[in-house]
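Here's the structure, in structure tokens; my notes come after.
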Amino acid sequence: MNFEEALRYELNSIDEIKNKIYPLYAPQEVISPFLVYKKTMLKYLMTIDGRLNGIEAEYGLVLITKTYAEAQNISKKIMDVVFDMFARNIGDNGPYIQAIEIVNLGDEYEYETECFRTNFKIEVKY
């Protein structure tokens, strides 16, 4: 299981977004709440002797909800899941997480869709 599969596996433990986690974009017919994620950086670690086993990556997570209260409630659950991934294999025999942190968290309201958007940026080393 690769990192993205394992990330979805872990986030699927949150009932409100279970099976509504999508790479890059959500299908138009999906009803909120849902989560979209994207990889923003991936770095294979190298030394003079060659490639190391570790990978550093950054991912953006975007939570879409109908209410601010719902956004705050689910955001807390997402943060709990992310922080719980530290120092263990994630998913079903997925990668071992050596380091993980949320480095940016912000809320927005989208007038066009009348939805709340919570943006997370996570940095991970596995």
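The values are calculated or read from the model by the stated rules, or taken from the named source; none is laboratory data. Keep in mind the model is a prediction, meaning the values are calculated, not measured. Heads up, the Cβs are rebuilt from the backbone with ideal geometry, glycines too, and the neighbour counts pull from every protein chain shown. Ligands, DNA and RNA are excluded from the accessible area calculation, which covers all protein heavy atoms including side chains. Shrake-Rupley method; radii C 1.70, N 1.55, O 1.52, S 1.80 Å.
Please give the helix 68-84 orientation as an angle from the longest Cα principal axis of the chain, in degrees from 0 to 90, rounded to the nearest 10.
It is inclined by approximately 10 degrees.
Tyr111 versus Thr40, label points 7 Å from Cα toward the beta carbon: distance in nm?
Going by the 7 Å Cα→Cβ label model, 2.5 nm.
Rounded to two decimal places and with Rh computed the Kirkwood way over Cα pairs, what is Rg over Rh for the chain? Present the calculation step by step, with values, prior to reporting the outcome.
Details: Rg = 15.3 Å, Rh = 15.2 Å.
My calculation puts Rg/Rh at 1.01.
In straight Cα distance, which lysines are under 21 Å from Lys20, not counting same-chain residues fewer than 8 positions off?
Lys38, Lys39, Lys66, Lys76, Lys77, Lys121
Leaving out ligands and nucleic acids, note down the accessible area per residue over the stretch 3-125 with a 1.4 angstrom probe, in whole Å².
Working: 7260 Å² over 123 residues.
For the stretch 3-125, the per-residue accessible area is 59 Å².
How many percent of the accessible area of the chain is carbon or sulfur, using a 1.4 Å probe?
50
Accessible surface of Asp107 in the full protein assembly, 1.4 angstrom probe, to the nearest 10 Å²?
Here the accessible area works out near 80 Å².
How much length, in nm to one decimal, is gained on full extension between Ile48 and Gln28, taken as 0.36 nm per residue of separation minus their Cα-Cα distance?
Details: separation 20, 0.36 × 20 = 7.20 nm, distance 4.72 nm.
Taking Ile48 through Gln28 to full extension adds about 2.5 nm, to one decimal.
Compare Phe116, Phe86, Phe3 by solvent-accessible area with a 1.4 Å probe and give them largest first, with all protein chains kept in place.
Details: Phe116 50, Phe86 110, Phe3 5 Å².
Accessible-area ranking of Phe116, Phe86, Phe3, largest first: Phe86, Phe116, Phe3.
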